[in-house]
Every structure is written in C-alpha cells, then in structure tokens.
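The values are calculated or read from the model by the stated rules, or taken from the named source; none is laboratory data. Fair warning: this is a prediction, and the values are worked out from it, not measured in the lab. So basically every Cβ, Gly included, is an ideal-geometry build from the backbone, and we count neighbours across all protein chains shown. The area values use the complete protein model at the heavy-atom level, side chains included, leaving out ligands, DNA and RNA. Shrake-Rupley method; radii C 1.70, N 1.55, O 1.52, S 1.80 Å.
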Amino acid sequence: MHLISRYAQLDPRLFSKQRPTVLKGAKAGHFNQPLADQLQWTADEQAAWVDICSGQHLFEATEPLAMVYAGHQFGHWAGQLGDGRGLLLAQVLDRQGQVIDLHLKGAGKTPYSRMGDGRAVLRSVIREYLAGHALTALGVPSSQSVGFTSSAQGVQREVLEPGAMLLRTADCHIRFGHFEWINQYAPELLKDFVQQCITWHYPDCLDAEQPVVAFAHAVIKKTAIMIAKWQLVGFAHGVMNTDNLNITGSTLDFGPFGFLERFKPNWINNHSDHQGRYTYQNQPSVAHWNLWVWLNNLIPLAADDQQDELKTALQAALATFEPIFLQTYQDGLAHKMGLPTFHHDSLACGTAFLSILQKEKLDYTQSFIRLQTKAYQALRDDCIDLEAFDAFMTNYHQIRSNQNIDELQTLMCQHNPRYILRNHMAQAAIEAAERDDFTEVDRLFHLLATPYTQQVEREKATDLTPPALGDAEIAISCSS
Ligand code: AMP
Ligand code: MG
C-alpha cells in the first residue's frame with residue numbers, strides 16, 4: 001500500500017493526534033476484498049485485516065488523527081464538533097492513482113468525543129458497511145469500507161450492544177463544518193486551508209481567474225449531482241447536518257439512512273428527526289441550505305472592500321445548484337421510465353407515475369422494475385384508481401411510440417436496480433451477526449455488488465418486496 005499522511009501537514013490546530021483504542025476480543029465481521037485490491041493492499045496486509053480493522057495493527061508511517069470541525073445540526077449552530085469516535089489514519093494511493101482517505105470508525109475517545117464513548121455498535125457498523133457498498137455499486141458517489149470487526153466487548157446504548165469497528169474509505173473527509181469551525185475559532189487559517197482544499201481536491205480550479213469562485217462552483221455541482229442520484233435510487237440520508245456533507249459530493253456518515261420502499265416522499269426515516277427536516281423530499285432544499293451556510297464561510301477570503309463582489313459571485317454559483325440538480329434528476333428519471341430525455345412530455349409522465357406510486361402506496365424500486373420488464377398488468381392489479389393508471393399508460397405508450405425502444409430499454413436496465421438495501425434486509429443481517437453468523441452480511445454484500453443484475457440463486461423473495469402495509473416499521477434513530 002502506498003501511504004501518505006497529508007492532513008497531518010496542516011496547521012496542528014485542525015486536528016489532534018490520537019492512537020486508536022483497541023477493540024478487545026475483535027473477530028472478523030466482513031472484508032471487502034475487491035476494495036482492498038483497489039487500494040493495493042499487499043497479501044500480508046490482507047492477511048492482517050482483522051488486526052487492521054480493530055486498531056491493533058497500525059500501518060507504519062501513519063499518524064492517526066481526529067479532525068476538528070463544527071456544524072449546523074438540524075438547522076441550529078452546534079459549535080465545535082469533530083471526530084468523536086473516528087480517526088483519519090492516512091491517505092492511500094489506489095490503483096487509478098487517486099488519493100483515498102482511510103478512516104477507522106469506533107476507534108475510541110478523542111478530544112472531541114464530548115459525552116460520547118468513542119465507540120460504534122455492530123448494528124450501525126453493518127448498516128454503514130452495506131449502505132456504502134450498495135450506493136457505490138448503484139453509481140452514487142459514496143464512502144465505502146474495507147472491512148469491519150465485531151467484538152464481545154459491549155457498548156451501552158438504549159441496551160447493551162456488541163461493539164464493532166469499521167475501516168472506511170472516502171475521497172475526502174473535509175466537511176462543510178470544517179470551514180465553519182475555522183471561521184468561528186481560527187479565521188486566520190482560512191486562506192491556507194481553502195488553498196489546500198483546492199490543491200488536493202480541485203486542482204483544475206487553480207488555473208481559473210478566481211480559484212475560490214471556481215471551487216465553489218465545483219463543490220455545488222458535485223453536491224447537486226450526488227443529491228439527484230440519491231433521489232433517483234430512493235436514498236434518504238437521514239442526518240444532513242453540515243458536518244455530514246463533504247466538499248467532494250460523496251456520501252458520508254451513514255446513520256439512520258433508509259432506502260425508500262413504498263413511495264412516500266415525506267417519509268421520516270430517522271426517528272430522531274421529530275420535525276421531518278431530513279425527509280427524502282427535503283434533501284435537495286436542505287443541500288441547498290447547507291451549501292449556502294458553507295459559502296458564507298468563504299466570504300472572509302476577500303478583502304473588506306471586495307466582499308460584496310465575492311458575495312455576488314458566490315450567489316451566482318449557488319444559483320446553479322437547482323438547474324444542475326433538475327437536469328440530472330430529470331435525465332435520470334427519463335432513463336428509469338424508458339422515456340426520451342428530449343421529449344417535452346417525459347417529465348410530466350415520470351411525475352404522473354410517481355404520483356400513482358404515492359397514492360397507491362406502491363414500492364418505488366419494484367414498480368420501476370415492473371415498468372422495465374413490461375409487467376404492466378402486475379402494476380395495474382395493485383392499483384385502486386384504475387382510471388388514473390390507464391390514463392398514465394396511454395400517455396406512456398404514446399410518448400414511446402416511434403422512439404428507439406431498444407436504446408430506451410438498455411437505459412432502463414442501467415438505471416433501475418433490482419436490489420436496494422431495504423431496512424428489513426439489513427436488520428436480518430444484523431440479527432444473525434449478533435449471533436456471530438455473518439453469512440447474511442456476505443450474501444447481501446454479493447447481492448448488492450451488482451444491483452442491476454438479477455441473481456436468481458442469491459436473491460430471496462423478501463429482497464424484492466416492501467413489508468406488508470400496516471406492518472410496524474423498523475425504528476432507526478440517531479443512536480449508533
Ligand atoms: P453523526 O451525526 O453521527 O455523524 O455524529 C455527530 C457528532 O457526534 C460527530 O462529531 C461524532 O464524532 C460524534 N459522535 C457520535 N457518536 C459518538 C460516540 N459514540 N462517541 C463519541 N462521539 C460520537
Ligand atoms: Mg458525522
């Protein structure tokens with residue numbers, strides 16, 4: 001493995017060096033071999049993965065550290081936060097020459113742990129492990145994990161739960177909240193920090209006339225595309241606080257996330273989100289708000305008499321969020337529907353389909369698969385308002401007439417997953433894992449690796465269907 005420790009070269013006020021607290025009695029959970037290969041782990045490193053993923057074996061030349069940041073949580077300024085239970089171990093060069101962060105989660109207390117114990121529980125570690133893997137395979141930019149370990153060492157939450165540790169990877173762990181911390185507590189660091197962010201993550205912006213404005217445009221664009229992709233696969237993050245969004249638009253910090261099953265745009269997947277701030281349908285506007293908070297932290301980069309000018313340029317940058325989001329979402333929806341992106345009625349037809357799913361309480365993923373496989377009768381049989389369904393179908397066929405159906409069909413197959421990580425699937429894997437049986441994690445790992453391909457031998461009927469109407473939902477909260 002080719003290791004670098006570039007974050008440790010920043011101003012020491014931005015982190016605290018900290019060694020992991022070993023997870024006692026650690027045992028193998030699951031190992032993501034393809035990702036380890038991608039990160040160019042040697043055979044010896046791969047053989048030692050359990051020790052590496054439990055903090056017992058540290059790579060030579062790494063300087064583990066906890067990052068400090070701040071943030072707005074549920075819309076309110078939360079002051080200083082930081083890695084309270086995770087450590088940035090180092091960066092590693094992957095096979096494509098990309099620099100990837102290695103971050104050990106559940107690695108013990110840090111100076112930023114506040115009241116927390118620095119630990120993670122097996123339940124949340126499995127959910128993060130599978131979700132990062134699933135999103136990546138779905139084509140949504142996301143952190144992933146090389147592996148996780150579990151332990152007999154208990155961790156107290158509402159009840160005593162098995163502890164666990166996860167070694168995750170991401171292209172960046174710099175959050176919007178980093179800029180908020182700097183502006184609040186050490187504004188003199190802003191200029192160099194931004195310069196470093198641009199150099200590391202957006203080097204092309206260095207050549208722009210105004211690198212900071214170009215940087216803002218690039219972050220806004222990546223965020224808009226990530227959110228559009230979340231919406232298209234039905235992913236609800238659940239805790240879109242400004243400390244949980246990074247500057248490269250890749251999904252980070254999975255807590256009470258959920259994949260939509262029956263289409264309910266105002267579904268509150270996070271049971272700690274009493275106001276419904278982070279529902280699926282609110283994600284685009286919350287991302288926009290988070291970006292606005294973030295952009296405000298760039299304004300002090302301009303001299304006093306030039307701040308108005310910078311503000312105007314950043315406002316113009318933020319105004320690009322909506323068109324980029326809409327374009328990505330509309331094109332993606334057209335692909336899912338098997339409709340041409342250029343047809344003026346495609347969007348209306350797509351939203352008509354979504355309205356039917358919502359009114360009839362139909363499963364989002366399964367319904368698109370039915371459309372793709374032309375199982376129109378099965379869709380119709382599940383509807384009560386047949387008039388609305390038939391009107392939709394007539395319009396749908398009309399738009400598709402005289403189009404290149406083969407081409408549209410190929411796009412449908414590429415954009416409609418058969419498998420997503422339903423809460424009950426994760427829950428079954430967790431319950432087995434808590435009995436030391438990781439076969440279900442392994443099954444889901446392989447199933448979700450190619451979500452667009454039917455895997456007859458591997459799939460279970462329950463992978464394809466939502467819980468029955470009226471069944472109690474699995475409660476997922478922030479506690480993890
Ligand atoms: P989250 O919203 O889960 O990303 O976490 C918000 C903040 O709480 C971050 O600063 C975390 O590091 C911190 N945190 C969450 N759980 C714990 C824990 N068990 N121990 C210490 N810090 C924690
Ligand atoms: Mg977080």
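Considering each residue of the range 75-90, count those that are more than 9 Å from ligand 1 (Cβ to nearest atom) and crowded, with 22+ Cβ neighbours inside 10 Å, and give that number.
4
State the number of residues belonging to the range 130-150 that are under 11 Å from Thr251 (Cβ atoms) and within 16 Å of ligand 2 (Cβ to nearest atom). Lay out the reasoning, then the answer.
The first filter runs over the range 130-150 and keeps only residues under 11 Å from Thr251 (Cβ atoms), leaving 131-132, 134-136, 138, 140-144.
This time we only want the ones that are within 16 Å of ligand 2 (Cβ to nearest atom), so: 131-132, 142-143.
Residues flagged as under 11 Å from Thr251 (Cβ atoms) and within 16 Å of ligand 2 (Cβ to nearest atom) within the range 130-150 amount to 4.
Can you find, within the range 283-314, the residue that is nearest to Val213 (Cα to Cα) among those that are among the charged types (D, E, K, R) and surrounded by fewer than 15 Cβ atoms within 10 Å (Cβ to Cβ)? Steps first, answer last, please.
Of the range 283-314, the ones among the charged types (D, E, K, R) are 304-305, 308-309, 311.
Those left that are additionally surrounded by fewer than 15 Cβ atoms within 10 Å (Cβ to Cβ): 304-305, 308-309.
Details: Asp304: 17, Asp305: 17, Asp308: 13, Glu309: 11 Å.
So the residue we want is Glu309.
Is it the case that some residue within the range 241-249 is surrounded by 22 or more Cβ atoms within 10 Å (Cβ to Cβ), within 16 Å of ligand 1 (Cβ to nearest atom) and more than 26 Å from Thr328 (Cα to Cα)?
Checked against the condition, which is being surrounded by 22 or more Cβ atoms within 10 Å (Cβ to Cβ), within 16 Å of ligand 1 (Cβ to nearest atom) and more than 26 Å from Thr328 (Cα to Cα), the range 241-249 yields no hits at all.
Under 9 Å between Cβ atoms, at least 6 apart or on separate chains: pull out the pairs that start in the range 352-377 with a residue that is without any contact (Cβ under 8 Å) to a residue 24 or more places away in the chain and end on any residue that is of a type in the set (Val, Ile, Thr) and open to solvent by less than 50 Å² (accessible area, probe 1.4 Å).
Ala375/Ile369
Only one of (1) among the small types (Gly, Ala, Ser); (2) modelled with pLDDT of 95 or more; (3) open to solvent by 20 Å² or more (accessible area, probe 1.4 Å) fails for Gly154. Which number is that?
(2)
Return yes or no: is Trp49 surrounded by 17 or more Cβ atoms within 10 Å (Cβ to Cβ), more than 14 Å from ligand 2 (Cβ to nearest atom), aromatic (Phe, Trp, Tyr) and in the same structural domain as His30 (by TED's automatic domain parsing)?
On the way: surrounded by 17 or more Cβ atoms within 10 Å (Cβ to Cβ): yes; more than 14 Å from ligand 2 (Cβ to nearest atom): yes; aromatic (Phe, Trp, Tyr): yes; in the same structural domain as His30 (by TED's automatic domain parsing): yes.
Yes: the conditions hold for Trp49.
What do you reckon, is Trp292 touching a helix residue (DSSP H, G or I) at 6+ places or on another chain (Cβ under 8 Å), among the hydrophobic types (A, V, I, L, M, F, W, C) and not in a loop (DSSP other than H, G, I, E, B)? Even if it seems obvious, please write down each step before you answer.
Details: touching a helix residue (DSSP H, G or I) at 6+ places or on another chain (Cβ under 8 Å): yes; among the hydrophobic types (A, V, I, L, M, F, W, C): yes; not in a loop (DSSP other than H, G, I, E, B): yes.
Criteria met by Trp292.
Return yes or no: is Arg435 among the basic types (Lys, Arg), over 25 Å from Thr410 (Cα atoms), more than 16 Å from ligand 1 (Cβ to nearest atom) and surrounded by 14 or more Cβ atoms within 10 Å (Cβ to Cβ)? Explain how you work it out, then say what you get.
Details: among the basic types (Lys, Arg): yes; over 25 Å from Thr410 (Cα atoms): yes; more than 16 Å from ligand 1 (Cβ to nearest atom): yes; surrounded by 14 or more Cβ atoms within 10 Å (Cβ to Cβ): no.
Criteria not met by Arg435.
If you check every pair at least six apart or on different chains, which have Cβ atoms under 8 Å apart with a residue in the range 301-330 that is at pLDDT 95 or above first and a residue that is not in a helix (DSSP H, G or I) second?
Listed by first residue and then by second, the contacts come to Glu309/Ala302; Leu310/Leu298; Leu310/Ala302; Ala313/Gln210; Leu314/Leu298; Gln330/Thr341.
Given the structure, is Ile220 open to solvent by 10 Å² or more (accessible area, probe 1.4 Å), assigned to a helix (DSSP H, G or I) and more than 12 Å from ligand 1 (Cβ to nearest atom)?
On the way: open to solvent by 10 Å² or more (accessible area, probe 1.4 Å): no; assigned to a helix (DSSP H, G or I): yes; more than 12 Å from ligand 1 (Cβ to nearest atom): yes.
The answer is no for Ile220.
Here is a list: Arg127, Arg114, Arg119, Arg95. Which entry is surrounded by fewer than 23 Cβ atoms within 10 Å (Cβ to Cβ) and within 16 Å of ligand 2 (Cβ to nearest atom)?
Values: Arg127 fails: surrounded by fewer than 23 Cβ atoms within 10 Å (Cβ to Cβ); Arg119 fails: surrounded by fewer than 23 Cβ atoms within 10 Å (Cβ to Cβ); Arg95 fails: within 16 Å of ligand 2 (Cβ to nearest atom).
Residue meeting the stated conditions: Arg114.
Select from the range 45-74 the residues that are more than 15 Å from ligand 1 (Cβ to nearest atom) and outside any loop (DSSP other than H, G, I, E, B) and write down the one among them that is farthest from the chain's Cα centre (by Cα).
Ala47
Out of Trp267, Trp289, report the one residue that is more than 12 Å from the chain's Cα centre (by Cα), at pLDDT below 95 and aromatic (Phe, Trp, Tyr).
Working: Trp289 fails: at pLDDT below 95.
On inspection, the qualifying residue turns out to be Trp267.
Scan the range 407-429 and tell me whether some residue there is farther than 29 Å from Ala236 by Cβ, open to solvent by 50 Å² or more (accessible area, probe 1.4 Å) and assigned to a loop (DSSP other than H, G, I, E, B).
no
How about the range 442-480: which of its residues are touching a Gly at 6+ places or on another chain (Cβ under 7 Å) and under 19 Å from Leu135 (Cβ atoms)? Walk me through it before giving the result.
Of all residues in the range 442-480, those touching a Gly at 6+ places or on another chain (Cβ under 7 Å) come to 476, 478, 480.
Correct list: Ile476, Ser480.
When only residues in the range 23-41 that are at pLDDT 95 or above and assigned to a loop (DSSP other than H, G, I, E, B) count, which is most open to solvent (accessible area, probe 1.4 Å)?
Gln40
Residue under question is Pro265, and the condition is that it be outside the structural domain of Lys359 (by TED's automatic domain parsing) and over 30 Å from Phe353 (Cα atoms); does it hold?
Details: outside the structural domain of Lys359 (by TED's automatic domain parsing): yes; over 30 Å from Phe353 (Cα atoms): no.
The answer is no for Pro265.
Can you tell me how many residues in the range 252-282 are among the polar types (S, T, N, Q), within 12 Å of ligand 1 (Cβ to nearest atom) and open to solvent by less than 20 Å² (accessible area, probe 1.4 Å)? Before the answer, list the steps.
Within the range 252-282, the first condition is being among the polar types (S, T, N, Q), and the residues that meet it are 266, 269-270, 272, 275, 279, 281-282.
Those still in the list that are within 12 Å of ligand 1 (Cβ to nearest atom) too: 270, 272.
Pick out the ones that are also open to solvent by less than 20 Å² (accessible area, probe 1.4 Å) and you get 270.
Selection size over the range 252-282: 1.
Has the range 258-277 got any residue that is within 16 Å of ligand 2 (Cβ to nearest atom) and either within 30 Å of Asp382 (Cα to Cα) or touching a Leu at 6+ places or on another chain (Cβ under 8 Å) (or both)?
Of the residues in the range 258-277, the ones within 16 Å of ligand 2 (Cβ to nearest atom) are 270, 272-273, 277.
The next check asks that each one be either within 30 Å of Asp382 (Cα to Cα) or touching a Leu at 6+ places or on another chain (Cβ under 8 Å) (or both); those that pass are 270.
Among the residues of the range 258-277, at least one is within 16 Å of ligand 2 (Cβ to nearest atom) and either within 30 Å of Asp382 (Cα to Cα) or touching a Leu at 6+ places or on another chain (Cβ under 8 Å) (or both), which makes the answer yes.
Within the range 438-480, work out how many residues are basic (Lys, Arg) and open to solvent by less than 60 Å² (accessible area, probe 1.4 Å).
Result for the range 438-480: 1.
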